[in-house]
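What follows is one structure encoded as structure tokens, with my remarks underneath.
Computed from the coordinates by the stated procedures, all read-outs in this text should not be read as laboratory data. None of these values were measured; they are calculated from a predicted model. Cβ coordinates were reconstructed from backbone atoms using ideal geometry, including for glycine residues, and neighbour counts include every protein chain displayed.
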Amino acid sequence: MPSTTSYLLIGLVAAVATFVCTPVVGRLARMRGWVVEPDERRIHLVPTPDVGGIAMYAGLVIAMGAARLDDHFDTIFARNDEPRGVLLAASLMFVVGLFDDVREISAPAKVIGTIGVAAVLTYYGVTMFYFRLPFVGVFTVSDDWILLITVVWLLGMSQAINLIDGLDGLAAGIVAIGALAFFIYSLRLADPTVRLLSSPSIGPLIAIITVGICVGFLPHNFNPAKIFMGDCGALLLGLLLAVSTSVVGGRADPNLQGYAGQTYFFLAPLFIPLFILGVPILDTLFAIIRRATRRQGVATADKRHLHHRLMEMGHGQRRSVIILWAWTALLSAFVLYPVLTQSFISYVPIGAAALGLLLYTLFHPQIRRNRAA
């Protein structure tokens, strides 16, 4: 198993590569007219490049190349087709998103493209093997269901990130926090003293590369953003999250109760990313319900997402983003604590932090001034 330092170095490579490539992509986008104009649905006020996902994709390819050249990752790349499958699937997902950014394609076409990407992942074996439902049991994924489950998981992750990408730096920050939390979780499962995750696993590597990509992109994307990630970036991040969570959460030893006892509910691996990514997942569920009640298509855009509601309350762009980042970090701490300590004790600080963040969200002085006005 590669050391934590080796993983962090690859994450640093991804961050530096993305950071350096993003301004180049911005200039290229302006030359080619790949910009999004302000309108009544968008927050930004000036034409802004919206193909930042190109730099993210470059960061992924460079980081994967660096890992391949690092002897510490030989166990992951040697006689293993999964890295090749991930790169090919990421390339296809990136092309689907880029085509939508440049030409615009229909929602059904994007779904068909996502199904094709899932087929590639399935062909190369980048899938989950089984999953646990707490207090119910362990279910093995048969060959007949692997493709369908991969499609559903990939669609859910990619659309959740796509829908939350509405404010400068929001999606990149949430994915960075969530991917870092899942990286820590996957390292815990793969620890030789625990051995709940079979080695070698590509999951921790993809998670830390995802963190690096987002960290490298954020300085250019935080308010006021010089560039947006676009669909090519959001769909790429969704794929990377889907891969890392499925090959870790869907392959961890199903006999988790022998390790964690009273805390095994929190160690039901596929539930971990659902908690960590609670903000974009809840936003997606609310969007589906909201549009279904209005008899609108799921892909219909509106300004009723969580970040839009925070701004309506009186929070500015930056404060709204930081609030949602904080909720993601809090949810990550909530699920990581029992994983790392095997204990439910000392949840008082997390509860106090949640209460403080809730009060800050609802009763910030600016909100009181707006209500008074």
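The alpha-carbon positions of segment 1-154 define a convex hull whose volume is 181 Å³ per residue. Exposure proxy for MET31, MET157: other Cβ atoms within 10 Å of each Cβ, ordered fewest to most, give MET31, MET157. Model label sites at THR140 and VAL111, defined 7 Å from Cα along the beta-carbon direction, differ in position by 3.2 nm.
Counting neighbouring beta carbons within 10 Å and listing from fewest to most, the residues LEU121, LEU180, LEU355 come out as LEU355, LEU180, LEU121. When segment 1-144 is described by a simple charge dipole with +1 on each Lys and Arg Cβ and -1 on each Asp and Glu Cβ, the residue from THR127, GLY33, PRO83 located farthest towards its positive end is GLY33.
Over segment 82-152, what per residue volume does the convex hull of the Cα atoms give, in whole Å³?
Residue-normalised Cα hull volume stands at 99 Å³.
Kirkwood's formula applied to the C-alpha pairs of segment 1-83 gives a hydrodynamic radius of 14.8 angstrom.
Among CYS21, CYS232, CYS214, rank each residue by its count of other Cβ atoms within 10 Å, from fewest to most, as a rough exposure measure.
With the fewest neighbours first, CYS21, CYS232, CYS214 line up as CYS21, CYS232, CYS214.
Each label was represented as a point 7 Å from its Cα along the Cα-to-Cβ direction; for PHE99 and ALA352 these points are 5.4 nm apart. Measuring r between the beta carbons of ASP70 and VAL20 and using R0 = 35 Å, the FRET efficiency lands at 0.95. All distinct Cα pairs of segment 138-185 go into the 1/r average, and the inverse of that average, the Kirkwood radius, is 12.7 Å. Packing, as the average of other Cβ atoms within 10 Å across residues, places the peptides 106-113, 274-281, 169-176, 206-213 in the order 206-213, 169-176, 274-281, 106-113, highest first.
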